[in-house]
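Every read-out reported here was derived from the displayed coordinates using simple, explicitly stated rules and does not represent laboratory data. Please read these numbers as outputs of a predicted model, since none were measured by experiment. Counting neighbours? That spans all protein chains shown, and the Cβs are built from the backbone with ideal geometry, glycine included.
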Amino acid sequence: MDEFLKKILQNEHSPSADALPRVMYEVRRIKQHRRGINISLYAAAALLLIAFFSGAAIRHFFFPGKDTSYQEVVFTYNNAEAAHVAVTGDFTGWEPVSFTHRPDGGWETILRIKKNGRYRYVFIIDHEEFIPDPNQHSTVNDGFGMRNSVLTL
Amino acid sequence: MYTVQTQTLSFSSISDNAVVRQVLSGDNEAFAELLKKYKNYIYTVIVRNSVYGSEADELFQEIFIKIFTKLTLFNESYSFKNWIFTIALNHTRNYRRTQFIRNVLPVRSILLQPDTPCMDSNRDVIQEKELNHALAGLPRDYFTVIMFFYYENKSYDEIAYIMKKPTGTIKTYLFRAKKILKKKLKHLERSFV
């Protein structure tokens, strides 16, 4: 019995390849959520005061115009067989943002992203497959042998 | 003139407690290192409770998220590895209590008959799944002792220290656990030789 137990119980088992990236995705999402709460609690009042007395506030009230500190970025994915496509990354707080399914079968979403930033992101296909953006050549290792796309604005 | 030499420590040379402190200070990558270090360990605990495949993957994810969110509660005077073992075991057992696990049925449908020819590897898989199912039915402390003794090769004294029980009690637990397993697996008795 002892040998039988040793023989079997010393076998180790491994999770699937995408299990670790999924965990880190959730960890980043939780962290972003916590960070968001902290910022809103401690900085909201200060920001309101600063905005109220700053020239930006006066300009905004009297000369409303387009905010040029953000850039519109179009993300596309061409796979007519996909049932759902989303993007998640630093610019979404690691929350998934769904694409729209185009009549030609492709997928697309347009996001306003703050300029002067470097953002990691991935696409999520059918709620389960994490892939880098096929249209983005710049990628970085996520630490688990999988790649995150990198967007630099 | 002098030069300052800096030493870069890899995570493998830093204790778990130090890594935990880094995570708590906001370093996400530090948690990734804990994840990589203990992924097989935690996944094996899940499998030993007779949970497999996509269910095991989901539990794996839930357990590590729980570990991350509860890190502020970790007491550094205890072993991090034993702490996460407890979380993994409790979470997996809670899951089994709320779900009806049928994964032993496909195994039982091809129970070995004495004269049934089979590939050695299939027999090993079946034996392992039978054992996992039997382990999953053990009382929590018995399961823990079996895992610490046979999977982690800990001594009676080490297990007694971790579980805060006398060494004699640990030996009793181990004896009773093996007795239960032997009874549940008697149809595999030829494998015990």
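Here are a few things to note about the model shown:
- Here the label points at B:Ser79 and A:Glu3, each 7 Å from Cα along the C-beta direction, are separated by 2.8 nm in the simple model.
- Counting, for every residue in B:33-45, the Cβ atoms of other protein chains within 10 Å of its Cβ and taking the mean gives 3.
- Taking every residue in A:16-24 and counting other chain Cβ atoms within 10 Å of its Cβ, the average works out to 6.
- FRET efficiency for B:Lys182 and A:Ser138, using Cβ-Cβ distance with R0 set to 41 Å, rounded to 0.05: 0.10
- Spatial separation of Cα centroids for region A:110-131 and region B:123-176, in angstrom: 45
- Shielding by partners for peptide B:53-62, expressed as the average number of C-beta atoms from other protein chains within 10 Å of each residue's C-beta, is 3.
- Potential lengthening of the chain between A:Ile30 and A:Gln71 amounts to 12.2 nm, from the contour at 0.36 nm per residue minus the alpha-carbon distance.
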